[in-house]
Each structure stands twice: as structure tokens, then as C-alpha cells.
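The values are calculated or read from the model by the stated rules, or taken from the named source; none is laboratory data. On a predicted model such as this, the values are computed, not experimentally measured, just so you know. All Cβ positions, even for glycine, are placed from backbone atoms using ideal geometry, and neighbour counts span all protein chains on display.
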């Protein structure tokens, strides 16, 4: 019984963390810059809800994970069509408030 209760509490805590964002940034993608291990974008009227120290770009991690490839494809589509996108931003690349805001979700509007 105690194990089930502990497991239920763990899932509850993890589910809240999975949906926790610092905030959202909405606008048109103006530029996309590719670097080793990351994709840097410039978004028109970009928000900085996590108070990250560097707001020149917004960061999308690169990798082989399907969700990263899908987000990159969505960003390219939005850039090519000049569509508004809404980006969920979570944390900063250097941890705390150091670095660029990190994209954790992409919505094409």
C-alpha cells in the first residue's frame, strides 16, 4: 500500500513538472541560425518569461529525438510561410537565468 501511494505521489509531481513552462512567446520567426548542438532563432517581439540573461536568440536543442526534429520542422514551416508561432519557453541554456531561453513546445498559429 505504501509503495502504491509513493508511486502515485511521484507521478503527480512529475506530471506537473512536465507541463510547467516559464511562459509563452508569440510572433513570426525572423531568422534561424544553425550551430553544433543547437538551433538559435530570432522571433519578432520575443518574450523572455524566464528572465534569461541573453535574449538575442531563443534556443532549440538539436538531437535525434523525434520531438526535437518535429519542432525544428514546425519552425522551418512557420519561417517559410511567415506564420505566427507560439513557443513554450522553459528555463535558460546555462541554467538559472544564464543563457538563452529554451523552446520546449512549438505551436503554429
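Within segment 79-88, being assigned to a helix (DSSP H, G or I) and exposed (fewer than 15 other Cβ atoms within 10 Å of the Cβ) holds for 80, 81. The residues listed here are 50, 95; of these, the one that is at positive phi and either modelled with pLDDT under 95 or in contact with a strand residue (DSSP E or B) (Cβ under 7 Å, 6 or more places away or on another chain) (or both) is 95. Would you mind stating whether residue 40 is in a strand (DSSP E or B) and either closer than 16 Å to residue 108 by Cα or at pLDDT below 95 (or both)? So residue 40 does not fit the description; no. Taking residue 45 as meeting all but one of (1) in contact with a helix residue (DSSP H, G or I) (Cβ under 7 Å, 6 or more places away or on another chain); (2) free of Cβ contacts under 8 Å to residues at least 40 places away in the same chain, write down the number of the exception. All conditions are met except number (1). When 7, 76, 13, 68 are checked against the criterion of being at pLDDT 95 or above and either assigned to a helix (DSSP H, G or I) or surrounded by 13 or more Cβ atoms within 10 Å (Cβ to Cβ) (or both), a single residue qualifies: 76. Within segment 54-65, the set of residues being in a loop (DSSP other than H, G, I, E, B) and touching a strand residue (DSSP E or B) at 6+ places or on another chain (Cβ under 7 Å) comprises 57, 62. Looking at 91, 96, 50, just one residue is under 18 Å from residue 23 (Cβ atoms) and surrounded by fewer than 13 Cβ atoms within 10 Å (Cβ to Cβ), and that residue is 96.
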